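The values are calculated or read from the model by the stated rules, or taken from the named source; none is laboratory data. Quantities reported herein were computed from a predicted structural model and do not represent experimental measurements. Note that each Cβ is placed from the backbone with ideal geometry, even for glycine, and that neighbours are counted across all protein chains shown. With ligands, DNA and RNA removed, areas are computed over all heavy atoms of the protein, side chains included. Shrake-Rupley method; radii C 1.70, N 1.55, O 1.52, S 1.80 Å.
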Amino acid sequence: MFSATRSSLNVLKTRVGQSTYISTARMISGQRLKYSISTKTSALCSKAVRQHTIYGANRVQRFHASALSNAKLPFLLADIGEGITECEVIQWFVKTGDKVEEFDRLCEVQSDKASVEITSRFTGTIASLKYKVGDMAKVGSPLVEIETGEVVEEAAEPAAPAPEDNLKGRSHVVQDMNAVAAMMDTPAAAKIETPTAEHILTFATPAVRRVAKENSVDISLIKGSGKGGRVMKEDVLNYLANGRQATATPKEAAPAPPAAKAFIPRGEDKVVPLSMIQKAMFKQMTKSLSIPHFGFADEIILDNATAFRASLNAHIAKNPEKYKFKKVSYMPIFIKALSVALEDYPILNARVLDGEDPSTAKLQYRASHNIGVAMDTPNGLMVPNIKNVQSLSVLDIAAELARLQEAGKKNAIPMADLRDGTLSLSNVGNIGGTYLNPVVVTSEVAIAAVGKMQRVPRFKMVEDEKTGKQVEQVVAQQIVNVSWSADHRVIDGATVARFSEAWKSVVENPFLLGGMLR
């Protein structure tokens, strides 16, 4: 807010004939004139013009009066980190005129990584909504205006001007302060259309909203069958199958026929905007183009890891009350083995700083092994990370992995789990593929991708039962292929190969982990 006394406001110059008289707008009983130069309040400056004579010349004075009104406070979209500059408004929980208290839900926004519910910091009445459902809200811009009931001064209506017949052609009047107020108008103060009641409290996950958006369906027209009226994917599909008629779908009803492909007209092209996840991937992969990649691939025999995993799962089955998961996959073993190998090759856990110029580039070695795991969620690719793997056991890692997988299914992975990754591991082999080509992100220097597991014939030295000598035989072995990509600006091929061999030796002999416990 900018405040000024009337005595320091303006100097009015009035020229009459050959004489110049200077008159000053004076302060009345210590009253102050306030102008708002922010979007918090739109102060209107009004005037009362009166005419009188000083030394035989006409003089114009302006007096500004103020009235009392309720404060309208803008609620700004806060910075939620990770360089996010905008979020999509996917749902409003309030409308203009609603009463809200502190911590009441206002809206739900979706960034390129997660959905977040925004709660109120003020108690009052919703004066206006600044965005409609589907709009992109900028970080730092107002989401809503809330009348808090606090009393502030507001400019009064302008008084009727006095006759100015004697002033015509003889005086130059200083511009009215309303021009200043007009100059301070911003687009943010423009009126935004209030969403209709159908857009309020429509519960659906971002994945369901995406399906509805791709098929040009207003999700507020669909009656949800989920808990609390939540709209499910089946509800959207049934709505389309029933000719866009809003009929409720019982939760126990048979699943909709897999006719989703038929909703896209054959022979017709269409253009759709990128989703928030796709936008994030677009930005990150574009940056990754500046990194020269070095690729390395190898094969790991999983026979001993399979036996080790079977022992862990037998232990979990005997003690189900101790664990929130039912079995251990191979991933916790892979992740722990990576942490063990990083102890000898810490450069693979580093990151490049100021990499645009080799004269200023440097490496940041990071003590925490925060190993990221690529996940295929309903919203797309997400890479949360397990923090401080160097301090966790295989069973601890399995518990963290189970937690992240459950959150990923609900598109509810916390932002804290998406930050500060140091090395990434992808198990895309669960879907398919053998040798892969993963892409390094700018905050890391290496990434590994595990292919599908296969049982294949291999030559192996075994002991002959009759002679007791070692002979070569063809045996069936459980193997998996692993593919590495590294930032070749700072990581050379020999380092990647040695690091991969160190990791491989622990995976192929996981019982060594017991000897490494502290």
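Looking for whichever is under 22 Å from V480 (Cβ atoms) and of a type in the set (A, V, I, L, M, F, W, C) here; the options are A416, A407, A398. Which one fits?
Numbers: A416 fails: under 22 Å from V480 (Cβ atoms); A407 fails: under 22 Å from V480 (Cβ atoms).
Every option except A398 fails the conditions.
Condition first: open to solvent by 30 Å² or more (accessible area, probe 1.4 Å) and part of a loop (DSSP other than H, G, I, E, B). Can you find one or more residues in region 443-454 that meet it?
Yes: one or more hits.
Taking the criterion of being of a type in the set (S, T, Y), closer than 30 Å to M382 by Cβ, open to solvent by less than 40 Å² (accessible area, probe 1.4 Å) and at pLDDT 75 or above, would at least one residue in region 133-151 satisfy it?
Restricting attention to region 133-151, the residues satisfying the condition of being of a type in the set (S, T, Y) are 141, 148.
Cutting the leftovers down to closer than 30 Å to M382 by Cβ gives us 141.
Next, from what is left, pick out any that are open to solvent by less than 40 Å² (accessible area, probe 1.4 Å): 141.
The next check asks that each one be at pLDDT 75 or above; those that pass are 141.
Among the residues of region 133-151, at least one is of a type in the set (S, T, Y), closer than 30 Å to M382 by Cβ, open to solvent by less than 40 Å² (accessible area, probe 1.4 Å) and at pLDDT 75 or above, which makes the answer yes.
Identify, from the list Q470, Q477, the residue that is more than 25 Å from L342 (Cβ to Cβ) and open to solvent by less than 30 Å² (accessible area, probe 1.4 Å).
Working: Q470 fails: open to solvent by less than 30 Å² (accessible area, probe 1.4 Å).
When all the criteria are applied, what remains is Q477.
Considering only residues that are acidic (D, E) and either under 30 Å from F294 (Cβ atoms) or part of a strand (DSSP E or B) (or both), which ones fall in region 455-478?
We begin by selecting, within region 455-478, every residue acidic (D, E); these are 463-465, 472.
Selection gives E463, E472.
Residues that are modelled with pLDDT under 95 and under 30 Å from A367 (Cα atoms): does region 254-269 have at least one? Let's see the steps before the verdict.
Let us first name the residues in region 254-269 that are modelled with pLDDT under 95, namely 254-269.
Retained after the next criterion (residues that are under 30 Å from A367 (Cα atoms)): none.
No; the residues of region 254-269 include none that is modelled with pLDDT under 95 and under 30 Å from A367 (Cα atoms).
Of all residues being under 15 Å from Q91 (Cβ atoms) and not in a loop (DSSP other than H, G, I, E, B) in region 222-243, which is most open to solvent (accessible area, probe 1.4 Å)? Just the residue, please.
Restricting to residues being under 15 Å from Q91 (Cβ atoms) and not in a loop (DSSP other than H, G, I, E, B), the top hit is G228.
Checking the structure you have, find out if any residue of region 326-347 is crowded, with 20+ Cβ neighbours inside 10 Å, within 21 Å of I291 (Cβ to Cβ) and at pLDDT 95 or above.
yes
Assigned to a strand (DSSP E or B) and buried (at least 20 other Cβ atoms within 10 Å of the Cβ) - does that describe any residue in region 384-401?
Within region 384-401, the subset assigned to a strand (DSSP E or B) is 385-386.
Filter once more, keeping what is buried (at least 20 other Cβ atoms within 10 Å of the Cβ): 385-386.
Yes, because at least one residue in region 384-401 is assigned to a strand (DSSP E or B) and buried (at least 20 other Cβ atoms within 10 Å of the Cβ).
Output the residues belonging to region 317-333 that are touching a residue at least 40 places away in the same chain (Cβ under 8 Å) and in a helix (DSSP H, G or I).
Matches in region 317-333: M331, P332, I333.
Would region 502-516 turn up any residue that is small (G, A, S), closer than 19 Å to Y435 by Cα and not in a loop (DSSP other than H, G, I, E, B)? Steps first, answer last, please.
Applying the first criterion (small (G, A, S)) to region 502-516 yields 502, 505, 514-515.
After this cut, where a residue has to be closer than 19 Å to Y435 by Cα as well, the list is none.
No; the residues of region 502-516 include none that is small (G, A, S), closer than 19 Å to Y435 by Cα and not in a loop (DSSP other than H, G, I, E, B).
Any residue at all in region 93-103 that's modelled with pLDDT of 90 or more, aromatic (F, W, Y), buried (at least 21 other Cβ atoms within 10 Å of the Cβ) and closer than 30 Å to P273 by Cβ?
no
If you check every pair at least six apart or on different chains, which have Cβ atoms under 7 Å apart with a residue in region 495-518 that is over 19 Å from P346 (Cα atoms) and of a type in the set (K, R) first and a residue that is open to solvent by 10 Å² or more (accessible area, probe 1.4 Å) and part of a helix (DSSP H, G or I) second?
From region 495-518, no pairs qualify.
Counting just the residues of region 350-381 that are at pLDDT below 90 and part of a strand (DSSP E or B), which one comes out nearest to E444 (Cα to Cα)?
Applying the filter and picking the extreme gives L381.
Among V450, V471, V456, V439, which is the only one that is among the β-branched types (V, I, T) and in contact with a Phe, Trp or Tyr (Cβ under 9 Å, 6 or more places away or on another chain)?
Values: V471 fails: in contact with a Phe, Trp or Tyr (Cβ under 9 Å, 6 or more places away or on another chain); V456 fails: in contact with a Phe, Trp or Tyr (Cβ under 9 Å, 6 or more places away or on another chain); V439 fails: in contact with a Phe, Trp or Tyr (Cβ under 9 Å, 6 or more places away or on another chain).
Just one listed residue meets the conditions, V450.
Among the residues of region 348-361, what is the count of those that are open to solvent by less than 30 Å² (accessible area, probe 1.4 Å) and free of Cβ contacts under 8 Å to residues at least 12 places away in the same chain?
Total satisfying the criteria: 0.
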